[in-house]
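The values are calculated or read from the model by the stated rules, or taken from the named source; none is laboratory data. Keep in mind that this is a model prediction, so the values were computed, not measured. Cβ coordinates were reconstructed from backbone atoms using ideal geometry, including for glycine residues, and neighbour counts include every protein chain displayed. Side chains are part of the model used for accessible areas, which takes the heavy atoms of the whole protein and leaves out ligands, DNA and RNA. Shrake-Rupley method; radii C 1.70, N 1.55, O 1.52, S 1.80 Å.
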Amino acid sequence: MYDWKVAYDNWAPEEQPLREALCTLGNGYFATRGAFEEADADLQEHYPGTYLAGGYNRLVSEIAGRQVENEDLVNWPNWLPLTFRHTNEEWFGVSRVEVITFRQELDMRQGLLERRMRFRDGSGRESTLYSRRLVSMANPHVAAMEWELTPQNWSGEIEIKSALDGRVTNSGVSRYRDYESQHLEPLQQGQHNEETIFLKVQTVQSKIQMAQAARTRIYMEPKGNEVERTLQTEDGYVAHHFKLKCEQKRPLRVEKVVQLQTSRDKAISEPLQDACINSGRQGSFTHLLEKHRLAWQRLWNRTELQIACNSKAQSILRLHIFHLLQTVSANTIGMDVGVPARGLHGEAYRGHIFWDELFIFPFLNMHLPELTRELLFYRYRRLPEARYAAAQAGYRGAMFPWQSGSNGREETQQVHLNPQSGNWLIDNTHLQRHINGAIVYNVWQYFQATEDMEFLTFVGAEMILDIAQFWSTIAEENTKTGRYEIHHVVGPDEYHADYPDSDEPGLSNNAYTNVMAVWVIQRALQLFQMLDDSRVEELLQKLTISEADIARWRDISHKMYVPFIDQSNIMAQFEGYEQLEDFPWQEYKEKYGESMRLDRILESEGDNVNRYKASKQADVLMLFYLFSAEELIHVFDLLGYPFKPEHIHENIAYYEERTSHGSTLSKIVHSWVLARSDRKRAYNNFKMALVSDVEDVQGGTTQEGIHLGAMAGTVDLVQRGFTGLEIRDNVLWLAPVLPEEIGCLNFQLRYRSHWISLQFTHDKLLIVVDKGWLKEVQIGVNGNVFTFQTGDRREFNISR
Ligand code: BGC
């Protein structure tokens, strides 16, 4: 990686699946993996997946003796196919030629994927190929590619094929191959006009229709050479074949512009009609590229983070922002979608939406807050389903699912395959009720960044109150201790989903969950002071919240139980945690490295990870990630626990030794919580999180989709973690602790209708309140608050 580019200088078949994921192009409406245009899915090297935001379908499979229904983010028809052959020979494919030179570049500034190749076929014919591709950020329904093929030492007749291929399945994740995967049925294919072919398909259960129209043009010198065009179709497939004569050293240019519409689109009549009509309105590749480049320029202006003094971190952070914006962008607005944990880049986790938004929204809040607002609406629209789920489980209020897809029902799989042992295992991770704390946290953070009172009043408050009601009813009073407890849950550490030798799923009193529940209830109570009385009344009536309910909330906010280990100041991850066995970390780290999926490893050895003090990822430490020491101490004070800021370090040290980092989110949290006390170790954790995807540290997971939480989380670590950026009491606080390796950092952020630009070095901080439509803003630097007016510029000495 360098500067704005990810570049590959050789053809390496074994790396291709990873490269395809990392070179995905998308625009927040749909995305397509960086597979070669000429490649079919072969389950080894090439997997040209195309995914639509919100494009889900359900299928029933027979797995381990039971019928299971899964909802998947569908792999839609492949619009890439473009290839050529010499008459009556095999179609071109990278594995069928000798590659002489190869270079592939992803240009993140422009959102352009390029490939240059020189190759020789079995008959000694040498050619060069220069291909460029974009998925338009300027027009979400458009993608385009251009091929320039030059015969280097030959002339002769060739055939070019440009196709749309809907005969695809969801086969990108090998663990899922026992599941049904045929999500699409063909509806129609053919030719719209001389230049344009079309294909229409539909998902078999959700009945979402997609139409693609592809306009292919061929340009060659000398002009006037005859090109013979024929149409080929079969169910779910359509192609234009072109026969033409090539001349040595004369480049041949092929341009394919694709229009993509679905039945989920707004402002259309019917997907196929609109796809065909709109495709005729598109300009040339060059024209589309220019519009696309400008759209990216606008996005980068808002989101760039400059670390000129650390070029490696700079490039990788750019890649992370790039993939985040390709998954959610202004084009996502109005689509009613959430943020899939693995982007629109692959099929892992079936495109489901988890709590990862917690790691993603803070970045969006500070640059594209209108997008967070939109993404929070995804949850809001699914409140009825969450209320139903709460009622079914015997609670009141709203209980959101751990994994969410189309309509907000619980999508967590019931059984999962351990690829290491080949065994199917019961999956109880849906008991991660803490997702409900994350949703409130996200609403609250959005409000802090924007002061969007309309949103809070009409949308946010309803979610907060309904979720508070859920926490209040899942909490049970223990009459012996007088404290409230929460049972049958799973914390962020998914390794522990039940007690060893217990038949009951779930754990009791996960510290993170219990504290989050109290924090949510406190926010709900705070709302009663913030909202106008009439709105409070409306909400209480609508959500049937009574005086007695509110009295219970107050009681819980003072009496929730938080487990501690043996009279110490260390929170127990859950009740009974201290009784688990110690884990032989050294032995396993030597064998499997720093980050490992101990659940899979131990199960394949006939053991069970839930017997040990061994966590998959940060669990208790999440509290120090999400809350400042001040906020936490406040919660503990109200609860009557003598927890003090100095105890935080004991907790960090304790869990650091007991975490396997089996999730890419874990290193982010560990870096964050160390940022103030140990910059070196904080940076080391940051560095590991930074390369999670580019170096595929989990060995084969990135090819199934990028880890968007880790990508956005690393950017946020720089933006908020290392700068001490926090919004509290209507002040934007900064307390920089830049690691030695990041000696300079510039970015601008959006805060309550101001654009504020920040420039950090180890010694100085320059704050410029650039533009905005409010007069004043309060900014705190290392504990002192200053009032800034629009146009103000101040420098602070921050050397320690
Ligand atoms: C992690 C979860 C995360 C999910 C999706 C899992 O491996 O344990 O915390 O939400 O991946 O990224």
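So is Asp696 within 30 Å of Glu20 (Cα to Cα), under 22 Å from the mean Cα position of the chain (by Cα) and within 16 Å of the ligand (Cβ to nearest atom) or not?
yes
Within the group Leu690, Leu708, which residue is closer than 24 Å to Val173 by Cα and within 14 Å of the ligand (Cβ to nearest atom)?
Checking each option against the conditions leaves just Leu708.
Provide a single number: the residues in the stretch 1-32 that are of a type in the set (Lys, Arg) and open to solvent by 10 Å² or more (accessible area, probe 1.4 Å).
1
Considering the stretch 310-336 alone, what residues qualify as being assigned to a loop (DSSP other than H, G, I, E, B), of a type outside the set (Asp, Glu) and open to solvent by 10 Å² or more (accessible area, probe 1.4 Å)?
Result: Asn310, Ile333, Gly334, Met335.
Looking at the stretch 428-478 only, could you name the residues that are open to solvent by 20 Å² or more (accessible area, probe 1.4 Å), more than 16 Å from the ligand (Cβ to nearest atom) and charged (D, E, K, R)?
Within the stretch 428-478, Glu451, Asp452, Glu454, Glu476, Glu477 qualify.
Taking the stretch 382-403 as the search range and keeping residues that are more than 16 Å from the ligand (Cβ to nearest atom) and of a type in the set (Phe, Trp, Tyr), which one is least open to solvent (accessible area, probe 1.4 Å)?
Going through the qualifying residues, I end up with Tyr395.
Residue check: is Ser127 within 23 Å of Arg253 (Cβ to Cβ), out of contact with any His (no Cβ under 7 Å at 6 or more places or on another chain) and open to solvent by less than 30 Å² (accessible area, probe 1.4 Å)?
Numbers: within 23 Å of Arg253 (Cβ to Cβ): yes; out of contact with any His (no Cβ under 7 Å at 6 or more places or on another chain): yes; open to solvent by less than 30 Å² (accessible area, probe 1.4 Å): yes.
It is true that Ser127 is within 23 Å of Arg253 (Cβ to Cβ), out of contact with any His (no Cβ under 7 Å at 6 or more places or on another chain) and open to solvent by less than 30 Å² (accessible area, probe 1.4 Å).
Condition check ((1) within 16 Å of the ligand (Cβ to nearest atom); (2) within 28 Å of Ser171 (Cβ to Cβ)) across all residues:
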site: Ala267; (1), (2): no, no
site: Arg281; (1), (2): no, no
site: Glu304; (1), (2): no, no
site: Arg342; (1), (2): yes, yes
site: Phe359; (1), (2): yes, no
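Please verify whether the stretch 738-755 includes one or more residues that are open to solvent by less than 10 Å² (accessible area, probe 1.4 Å), within 30 Å of Gln420 (Cβ to Cβ) and modelled with pLDDT of 95 or more.
Checked against the condition, which is being open to solvent by less than 10 Å² (accessible area, probe 1.4 Å), within 30 Å of Gln420 (Cβ to Cβ) and modelled with pLDDT of 95 or more, the stretch 738-755 yields no hits at all.
With respect to the numbered conditions (1) open to solvent by 10 Å² or more (accessible area, probe 1.4 Å); (2) touching a His at 6+ places or on another chain (Cβ under 9 Å), which one is the sole condition not fulfilled by Gly724?
(2)
Residue by residue through the stretch 479-514, note down the ones that are more than 16 Å from the ligand (Cβ to nearest atom), of a type in the set (Val, Ile, Thr) and touching a residue at least 12 places away in the same chain (Cβ under 8 Å).
Thr481, Ile486
Filter the stretch 363-404 down to the residues that are part of a helix (DSSP H, G or I) and of a type in the set (Phe, Trp, Tyr), then identify the one that is nearest to Thr714 (Cα to Cα).
Phe363
If I filter the stretch 631-674 down to residues being charged (D, E, K, R) and within 23 Å of Asp729 (Cα to Cα), which single residue comes out as surrounded by the most Cβ atoms within 10 Å (Cβ to Cβ)?
Top of the filtered list is Glu631.
Taking the stated definitions as given, is Thr412 touching a Lys or Arg at 6+ places or on another chain (Cβ under 9 Å) and among the β-branched types (Val, Ile, Thr)? Outline the logic, then answer.
Details: touching a Lys or Arg at 6+ places or on another chain (Cβ under 9 Å): no; among the β-branched types (Val, Ile, Thr): yes.
When the stated conditions are applied, Thr412 does not pass them.
Could you please tell me which pairs satisfy a Cβ distance under 6 Å, a separation of 6+ or placement on different chains, a first residue in the stretch 677-691 that is basic (Lys, Arg), and a second residue that is part of a helix (DSSP H, G or I)?
Partner pairs satisfying both residue conditions: Arg681/Leu674.
Filter the stretch 589-624 down to the residues that are assigned to a helix (DSSP H, G or I), open to solvent by less than 10 Å² (accessible area, probe 1.4 Å) and closer than 20 Å to Trp672 by Cα and list them by number.
Matches in the stretch 589-624: Met622, Leu623.
Of the residues Lys249, Lys223, which single one is out of contact with any strand residue (DSSP E or B) (no Cβ under 9 Å at 6 or more places or on another chain) and not in a strand (DSSP E or B)?
Lys223
I'm told Asn407 meets every condition in (1) farther than 28 Å from Val669 by Cα; (2) part of a loop (DSSP other than H, G, I, E, B); (3) touching a residue at least 40 places away in the same chain (Cβ under 8 Å) except one. Can you identify the failing condition by its number?
Tallying (1) farther than 28 Å from Val669 by Cα; (2) part of a loop (DSSP other than H, G, I, E, B); (3) touching a residue at least 40 places away in the same chain (Cβ under 8 Å), Asn407 fails exactly one: (3).
With the condition kept exactly as written, say whether any residue in the stretch 329-341 is of a type in the set (S, T, N, Q), closer than 19 Å to Gly55 by Cα and within 11 Å of the chain's Cα centre (by Cα).
No.
Between Glu590, Glu581, which is modelled with pLDDT under 95 and more than 29 Å from Glu357 (Cα to Cα)?
When all the criteria are applied, what remains is Glu590.
Based on this model, can you work out whether Ala348 counts as crowded, with 24+ Cβ neighbours inside 10 Å and within 20 Å of Ala689 (Cα to Cα)?
yes
Tell me which residues, restricted to the stretch 356-381, are open to solvent by 10 Å² or more (accessible area, probe 1.4 Å), of a type in the set (D, E, K, R) and in contact (Cβ under 8 Å) with a residue 60 or more places away in the chain.
The answer is Asp356, Arg373.
Give me the pairs: first residue in the stretch 339-355 and within 19 Å of Pro17 (Cβ to Cβ), second residue more than 8 Å from the ligand (Cβ to nearest atom) and basic (Lys, Arg), beta-carbon distance under 8 Å, and six or more apart or on different chains, which are they?
These pairs meet every condition: His345/Arg33; Gly346/Arg33.
Return the residue satisfying two criteria in turn: it lies in the stretch 409-427 and is open to solvent by less than 50 Å² (accessible area, probe 1.4 Å) and away from the ligand (no atom under 13 Å from the Cβ), and of such residues it is farthest from Asn610 (Cα to Cα).
Only one residue fits best here, namely Gly422.
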